[in-house]
Amino acid sequence: MALHPLHGLVEQLETQPIIFIGGKGGVGKTTTAAALASYYASQQQKTLIVSTDPAHSLGDVLNVRLNNEKTVISPYLDAIELNPDVIVDEHFAQVERTIKAYANPDMMPKIREHLRLSKSAPGAQEAAMLESMCHHLVEAADAGYEHIIFDTAPTGHTLRLLVLPEMMGAWTDGLLAQQRRQAKLRSVATHLDSHNQKDSQKNDVANPFAAKKSDRWEQAVSVLERRKQLFRQAGLLLHDRTQTAIVLVVTADVLPLAETKRAIEQLEDSKLIPAAIVINQLISTTQSDEFWRRRAERQQHLLQDIEQSFTKYPLYPIYLQQTDVRGTDTLSALLKPV
Ligand SMILES: Nc1ncnc2c1ncn2[C@@H]1O[C@H](COP(=O)(O)OP(=O)(O)OP(=O)(O)O)[C@@H](O)[C@H]1O
Ligand SMILES: [Mg+2]
């Protein structure tokens, strides 16, 4: 069986600044992400672990209460748990500020109502979460982190997040093009207006309201441009294999295996090639108890399928531990060389 020693995963990802841990629900993503983060931190490599799971499981695994701001776990380890509700509120507050800068004040109550409804629209949380993740992703190196590790929500979700930067980039492009067209119309209108004024008032002073409007427009465009730039940068980082490693966690069970196969196809379609696959919760075959021996045999059978299906990717096993793996010491011990 071509399983690599688990410590090889640590070595393989040693130089990767960005690590995404994905996989079906409950397979061990948080455990794997927290183990890698704790291990690198124990080796004095400054690491940030970011969870996008609203269920607080990263905090539970690290035995610390986390929130949207960085919490120091140890000298080399910081953690963040992105809360979609808080992020969506902040995101829409920012959108409102942007709109306020160039919208007619009479329109604001209607716009506010529209934004309030948009908050609960499908995809709003994902878009806001994505923007926040992209910020962390792009800023991690500047903030002095050697690794930023994302403990993500189950596979389908993560995949959408990974391809969203391109979609959001295209969407922002559309908005910018629309803005440009409007600006052109506006400048023609302003031009005509100033001509009319010249004719009627015989003075050469440009319309001050028009000038202010174009300032506001510049502001709105610069927000969109910055956003587009953020998604572009994040998209480039995600597709650069020297920067980003995607690690999929699977268990030797039928459903997680089927989902991982689909996930890999989708990732490959988006030119996002996984770096490694972790097979978690393996049971050693030297069991005396019949129940456990049968389960181990069943896993061995599925392992053959895993091996045949994922020939392109290094496979790393994590064995089922007697108890839940919690706290940075226990977590990093999981990945120590044997
Ligand atoms: N190798 C292991 N040995 C023992 N327990 C494990 C192992 N891996 C994970 N667990 C336990 O299994 C449960 C699920 O693991 P974890 O929370 O890491 O999965 P997850 O993929 O992050 O789940 P979710 O999709 O809900 O976020 C936890 O209680 C965890 O402690
Ligand atoms: Mg989790």
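The values are calculated or read from the model by the stated rules, or taken from the named source; none is laboratory data. Computed from a prediction, not measured in an experiment: that's the story for all the values here. Cβ sites come from the backbone with ideal geometry, for glycine too, and all protein chains shown count toward neighbours. Accessible surface areas use protein heavy atoms only, side chains included; no ligands, DNA or RNA. Shrake-Rupley method; radii C 1.70, N 1.55, O 1.52, S 1.80 Å.
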Applying a 10 Å radius around every beta-carbon, put 21-31, 108-118, 315-325 in order of their mean neighbour count, most first. 21-31, 315-325, 108-118
Label model pair Leu192, Val221: point-to-point distance (7 angstrom along the Cα→beta-carbon line) in nm is 2.1 nm
Run the quick spin-label model on Leu185 and Leu3: label points 7 Å from Cα toward the beta carbon, then report their separation in nm to one decimal. 6.4 nm
Which semi-axes, in whole Å and largest first, does the equivalent ellipsoid of segment 238-314 have when worked out from the alpha carbon gyration tensor as the square roots of 5 times its eigenvalues? 29, 12, 9
Rounded to the nearest percent, how much of the accessible area of segment 215-338 (1.4 Å probe, protein heavy atoms only) is carbon and sulfur? 47 percent
Which links in Lys29/Lys70; Lys70/Lys261; Lys29/Lys261; Lys29/Lys336; Lys24/Lys228 stretch past 28 Å when you go from one Cα to the other? Lys70/Lys261; Lys24/Lys228
Which of Leu13, Thr52, Leu236 sits closest to the plus end of the dipole of the chain, meaning its Cα is farthest towards the positive end, when Lys and Arg get +1 and Asp and Glu get -1 on the C-beta? Leu236
How high is the FRET efficiency from Ile273 to Ala333, r the C-beta distance, R0 35 Å, rounded to 0.05? 0.70
Sticking with the crude label model, points 7 Å out along Cα→Cβ, report the distance from Arg295 to His239 in nm, one decimal please. 4.3 nm
Once fully extended, how much extra length lies between Thr15 and Asp305, figured as 0.36 nm per residue of separation less the alpha-carbon to alpha-carbon distance? 101.4 nm
Measuring with a 1.4 Å probe in the full set of protein chains, what accessible area per residue, in whole Å², belongs to segment 7-333? 53 Å²
Length added when fully stretched, Gln44-Gln287, from 0.36 nm per residue minus Cα-Cα: 83.7 nm
Mind checking the alpha-carbon convex hull of the chain and giving the volume per residue in Å³? 148 Å³
